[in-house]
Amino acid sequence: ALVTAVTLIFMPADVVWFGVLTLLGSAMIITGLLEKWLEKVPPVAGLAGSFFLFYFTRHAADGYLQLGHWLITPPGFLYANYFTAYLGFYPFGFFSTDYFPLIPWLFLFWAGFYLHHLAERTAQSLRPLCHSVCPPLGWLGRNSLMLYLLHQPVIYGVLTVVFLLLRRGGGAL
């Protein structure tokens, strides 16, 4: 919501609706609410089913679902408003600089959920991966949300300063 608000105010031509942070937050909440039921599915079946659903729905925003050579057109009422855009069916005229709707990406998130459960079964063989090989990379991973949120304002700030300095000095790019 913060990213959407900031882009609406400062970059309305490049607004972000339902970006990657919205997807990840929504996927975590939905998965948390459904976790009891998701864990009843055997991990191999869940992984296969999640990949299948991702494959089947990956073109939903383009107006069709795909099963092999068959293309299935969802009903037009699904492409109605911003709520349906959040789900993965955006209406005519919708635009977002960063767009990751629930469908199909929730299914890829669930593939990771089931892959994690499969990896837990072989935890002993993965034990060496629990230790950071490169501490700076570990720090970057633990602070990735902060870095993601700060990288745009920092880049814009640096470029603004460079532009102003070049402008004052009479230089050109």
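The values are calculated or read from the model by the stated rules, or taken from the named source; none is laboratory data. Here the structure is a predicted model, which means the values were calculated and not measured. Here the Cβ positions follow ideal geometry from the backbone for every residue, glycine too, while neighbour counts run over all protein chains shown. Only protein heavy atoms, including side chains, enter the accessible area calculation; ligands, DNA and RNA are left aside. Shrake-Rupley method; radii C 1.70, N 1.55, O 1.52, S 1.80 Å.
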**Prompt:** In whole Å, what three semi-axes, largest first, describe the equivalent ellipsoid of segment 49-89 built from its Cα gyration tensor (square root of 5 times each eigenvalue)?
**Reply:** 19, 12, 6
**Request:** Choose one answer from Pro104, Pro136, Pro43: the residue with the largest mean-square fluctuation in a GNM of the chain with alpha-carbon springs under 10 Å.
**Result:** Pro136
**Prompt:** Looking only at segment 21-47, which residues have a backbone nitrogen under 13 Å from a spot 7 Å from the Cα of Tyr148 in the C-beta direction?
**Reply:** 21-29
**Prompt:** Highest GNM mean-square fluctuation, the chain, Cα pairs closer than 10 Å: which of Tyr55, Tyr79, Tyr156?
**Reply:** Tyr156
**Request:** At a temperature of 10 °C and a viscosity of 1.306 mPa s, determine how fast the chain diffuses translationally according to Stokes-Einstein, using the Kirkwood radius over alpha-carbon pairs as Rh; express D in µm²/s, rounded to the nearest whole number.
**Result:** 82 µm²/s
**Message:** I'd like to check one number: the per residue accessible area of the chain, probe 1.4 Å, reported in Å² as a whole number.
**Reply:** 70 Å²
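How would you classify segment 1-89 from its alpha-carbon gyration tensor, with a ≥ b ≥ c the square roots of the eigenvalues: rounded for a/c under 1.5, else prolate if a/b is greater than b/c, otherwise oblate?
Values: a/c = 2.62, a/b = 1.33, b/c = 1.97.
Oblate.
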**Request:** Grab the Cα-Cα distance for Met28 and Leu140, subtract it from 0.36 nm times how many residues apart they are, and report the gain in nm with one decimal.
**Result:** 38.2 nm
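Helix by helix through the chain, keep the DSSP H runs that span 15 Å or more along the axis on Cα and average at least -0.5 on Kyte-Doolittle, and give those back in order. Could the numbers behind the result be given before it?
Values: long enough: 20-38 (25 Å, 1.49); 43-57 (21 Å, 1.43); 102-121 (29 Å, 0.80); 144-169 (37 Å, 1.32).
In the chain, the long hydrophobic H runs are 20-38, 43-57, 102-121, 144-169.
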